[in-house]
2 protein chains.
Amino acid sequence: MTAPTPALPPFELPVSDLHSSVQDPSLGAVNFLNEIMQRYPHAISFAPGAPYPVFLESIDVQHYMDVFAESLKSSRHLSPAQIQRCLHQYGPAKGLINDIVARLLHRDEQLIVDAASIVITVGCQEAMLLLLRALRSDPNDQLAVVTPCYVGLIGAARLVEFDVVPIDECDSGIDLKQLRHACCEARAAGKRLKAVYVAPDHSNPSGTQMSDITRAALLDLAAELDFLIIEDNTYRFTSADESYPPLIKSLDRQHRVILLGTFAKTCTPGARVGYVVADQPIRSEDGRKRLFADELAALKTMVTVNTSPICQALIGGMLIAHEYSIRQLAQDKTRKYRKNLDCLLTALDEHLGDLPHVAWNRPNGGFFVRLRLPVPVDESLMALSAEQFGVLWTPMSHFHIDGRVSHELRLSCSYLSEQQIEEGMGRLSRFLHHLTTPLSAGMA
Amino acid sequence: MTAPTPALPPFELPVSDLHSSVQDPSLGAVNFLNEIMQRYPHAISFAPGAPYPVFLESIDVQHYMDVFAESLKSSRHLSPAQIQRCLHQYGPAKGLINDIVARLLHRDEQLIVDAASIVITVGCQEAMLLLLRALRSDPNDQLAVVTPCYVGLIGAARLVEFDVVPIDECDSGIDLKQLRHACCEARAAGKRLKAVYVAPDHSNPSGTQMSDITRAALLDLAAELDFLIIEDNTYRFTSADESYPPLIKSLDRQHRVILLGTFAKTCTPGARVGYVVADQPIRSEDGRKRLFADELAALKTMVTVNTSPICQALIGGMLIAHEYSIRQLAQDKTRKYRKNLDCLLTALDEHLGDLPHVAWNRPNGGFFVRLRLPVPVDESLMALSAEQFGVLWTPMSHFHIDGRVSHELRLSCSYLSEQQIEEGMGRLSRFLHHLTTPLSAGMA
């Protein structure tokens, strides 16, 4: 027998030694959902906002990379070896496919932006982080967000210690009176509201679409009170054609709007490619002419260096192959998600129409519906729903930055087939009838 | 003629409204190099630490993705559709190829780490950002770095406002007396030195390799004074076999070491895949068992969500195809970079041996050599070298966090052929002879 070597005292890292964002509920929310989905693999899940899986089964990566390579050959006269280097070497922090993204914004949105004002990012999430990092320069800076709000935006704000001010969502998009009040209140307190985050086309988690009037009024307010508008257009491609208000960025005559986009829902989440349009001229003392995009690209060198050129080639190839149009590229997806949303709303009418104090909104696009219950909705209710009724969803409290108790939950329809939606809604109906029936505890 | 529509006053974003990191020299340094390389495309550049381009010309992305897909099929019994979903859907924040990375660390380094303690990141850069974000919880926290230091580490520290303390490099790696002193000084000032960053195997920009004794002594000091060690092993694969000290992580009995790695230099920068091994147990009040890797993965959901599974598949396939060994996979590269380094050192002897007050170190691995001149080295000297002598390099001041004036520059040999190194050294020699000759101005 050999004597054990003397061990050093066991070392643990106290969580209190780590940055506060690590413990933030916005980060825990994602983990909670993943864990519960793994624990109940047979539950039907209205939780994920991920694309319908069948769309992802037949993407020919090599084909689209070849399309992109061919375009490099013809437009930039690169040799095969040069093309290979372009795909595999470190590339410019701003990106490789900026001109393609500029072209699609023109084609789909009649928006004219210079390719130099675009940064290609690792998904929309990196764009959010870069943007919030750049904008939050002082502890007194504030960021206004429509609440409930996309959890990734809240998390990015936590990472850079950006003080977030919730502004209520309303039917027309955002409560502008509240926003004006928050802005003035900030000033009176020696603080400064620097930007507001909105997802005007079918926001996550509400599906709400901002009205034309509110878009214009928001721009006016930004000019009057001197703040920036962060416009997230992730779900815009799901919008019904007949009710298609312009991007706020299209109305922006003053470079007040920073536009965020992603190819995760329209092309593939696997590429992790998004973008930010930041065409604001920078005023500095050194006199060099720069755009906000240049500053974001400089920050990006310290976050991810550059977005994988292989992934950019895949997305670039997909866009070229579909004539620089997301509308064209994603038309099957747009149709599918609209159909799923209709299916979900119809099933809600059928299954929950008789329940008192249960209500939901009726978005005309996006992946999500807000459902209101007569009881507070928390994670223990979600666990009960998963365990006893085999149906999953997301508590709305996850999307409120102030951790308020909510009676709402989010239903997502993107990940499911129509059959699954129908079956899942049956299960949800049984759960909610159980919940709202007196003496229900004994009947579970 | 139509009257022009009244324009809003032009809006500019004052740079003073942006976070201080935007203006940091560490970010400007990268831009400066890119710009000067574009301005002098025919100059021979000893500046980039990028891989030798020829290695990137024949990577068959589809082949390696197929290898990875085949392994998913045989190990996890996934159907073709499930494999496609795995490559294209959002994936776990921690990563897809963690088990493969754990296997290669065992194979190449005899290091046993649980796959659960690994996070796959968007290059090593994201690993640095996540780690520094997690560790910097208080304005009084300090990070010690060997100086001169990799600029990406400094930049990431700026982004999270981590106070950085420079510790001089010495022949054995790091001046431990200075580190001890900095740690005690921090305490006396009510601050806390939480971690030290080292790249013990041929650091960027010095090429220095830390001695066995210093590795062990650094671990002892970390245990004594309660700090963490961040070990960056980017250039370890270039080390000469005969002089191969263990990873500090291999000596770590107490979970004091966080290991950072990248596949950019060994596989392809285009995939943007790196990793962090963070096996520290977390002590928290909620009693849940977690590793530091879990906290880093949670932060990652707010930076890039997850690392592209397509890129992970490419790297995973390359590793599987080379029996889970970077040593095997990169043997041609290791040989090439060692040969280039020999070639650079020989050319330095031949061309600069007669110059007084010019000296350089002799690393036994890595991409870099430090060259000392009799004059201060700044960006204007670099511009002169590029313009009049057609040769580029990097001022060492870029790698000093305190912006100190340096008489040194960094020469990188990775990006060039031996012929280019020879020719470039001739040009550098003419420049330096010009510089150090009296009345030289008239002879240019």
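Remarks
- Against the numbered list (1) at pLDDT 95 or above; (2) out of contact with any helix residue (DSSP H, G or I) (no Cβ under 6 Å at 6 or more places or on another chain), B:P41 comes up short only at (1).
- Within the range A:122-156, the set of residues being of a type in the set (A, V, I, L, M, F, W, C) and without any contact (Cβ under 8 Å) to a residue 40 or more places away in the chain comprises A:L132, A:A156.
- Cβ separations smaller than 8 Å between residues 6+ apart or across chains give the following pairs from the range B:311-332 residues that are within 15 Å of B:A264 (Cα to Cα) to residues that are of a type in the set (S, T, N, Q) and assigned to a helix (DSSP H, G or I): B:G316/B:S71; B:G317/B:S71; B:R327/B:T334.
- Positions within the range B:23-36 being within 20 Å of the chain's Cα centre (by Cα) and either among the aliphatic types (A, V, I, L, M) or within 7 Å of chain A (Cβ to nearest Cβ) (or both), in sequence order: B:L27, B:A29, B:V30, B:N31, B:L33
- Of the residues making up the range A:363-371, one or more are surrounded by fewer than 21 Cβ atoms within 10 Å (Cβ to Cβ) and closer than 16 Å to A:N204 by Cβ.
- Some residue of the range B:314-323 being surrounded by 24 or more Cβ atoms within 10 Å (Cβ to Cβ), facing another protein chain (nearest Cβ under 8 Å) and at pLDDT 95 or above: yes
- Residue in the range B:346-359 that is of a type in the set (G, A, S), part of a helix (DSSP H, G or I) and not assigned by TED's automatic domain parsing to the domain that holds B:L153 present: yes
- Identity of the residue in the range B:35-61, among the polar types (S, T, N, Q) and surrounded by fewer than 16 Cβ atoms within 10 Å (Cβ to Cβ), that ends up farthest from A:A81 (Cα to Cα): B:Q38
- Residues in the range A:119-141 that are more than 7 Å from chain B (Cβ to nearest Cβ) and among the small types (G, A, S): A:A127 only.
- Residue in the range B:334-343 that is facing chain A (nearest Cβ under 10 Å), at pLDDT 95 or above and in a helix (DSSP H, G or I) present: no
- When B:P376 is tested against (1) without any contact (Cβ under 8 Å) to a residue 40 or more places away in the chain; (2) touching a His at 6+ places or on another chain (Cβ under 9 Å); (3) farther than 29 Å from B:V145 by Cα, exactly one condition is not met: (3).
- Check on A:G270, within 30 Å of B:M65 (Cα to Cα), in contact with a helix residue (DSSP H, G or I) (Cβ under 7 Å, 6 or more places away or on another chain) and within 13 Å of another protein chain (Cβ to nearest Cβ): yes
- Some residue of the range A:297-309 being over 22 Å from the mean Cα position of the chain (by Cα), crowded, with 23+ Cβ neighbours inside 10 Å and assigned to a helix (DSSP H, G or I): yes
- Single match in A:D252, A:D220 (criterion: out of contact with any strand residue (DSSP E or B) (no Cβ under 9 Å at 6 or more places or on another chain), acidic (D, E) and under 22 Å from A:S172 (Cβ atoms)): A:D220
- The range B:279-296, residues that are modelled with pLDDT under 95, in a loop (DSSP other than H, G, I, E, B) and within 7 Å of chain A (Cβ to nearest Cβ): B:S284
- Residue within the range A:39-61 that is in contact with a Pro (Cβ under 9 Å, 6 or more places away or on another chain), within 14 Å of chain B (Cβ to nearest Cβ), among the charged types (D, E, K, R) and more than 27 Å from A:T266 (Cβ to Cβ) present: no
- Of all residues in the range A:391-431 being in contact (Cβ under 8 Å) with a residue 24 or more places away in the chain and of a type in the set (D, E, K, R), the one that is surrounded by the fewest Cβ atoms within 10 Å (Cβ to Cβ): A:D402
- In the range A:74-85, the count of residues that are within 9 Å of chain B (Cβ to nearest Cβ) and under 27 Å from A:L299 (Cβ atoms) is one or more.
- Per the conditions (1) buried (at least 24 other Cβ atoms within 10 Å of the Cβ); (2) touching a Lys or Arg at 6+ places or on another chain (Cβ under 7 Å), the sole criterion not satisfied by B:P245 is (1).
The values are calculated or read from the model by the stated rules, or taken from the named source; none is laboratory data. Just so it is clear, the structure is predicted and the values come from calculations on it, not from any experiment. Here the Cβ is made from the backbone with ideal geometry for all residues, glycine too, and neighbour counts use every protein chain on show.
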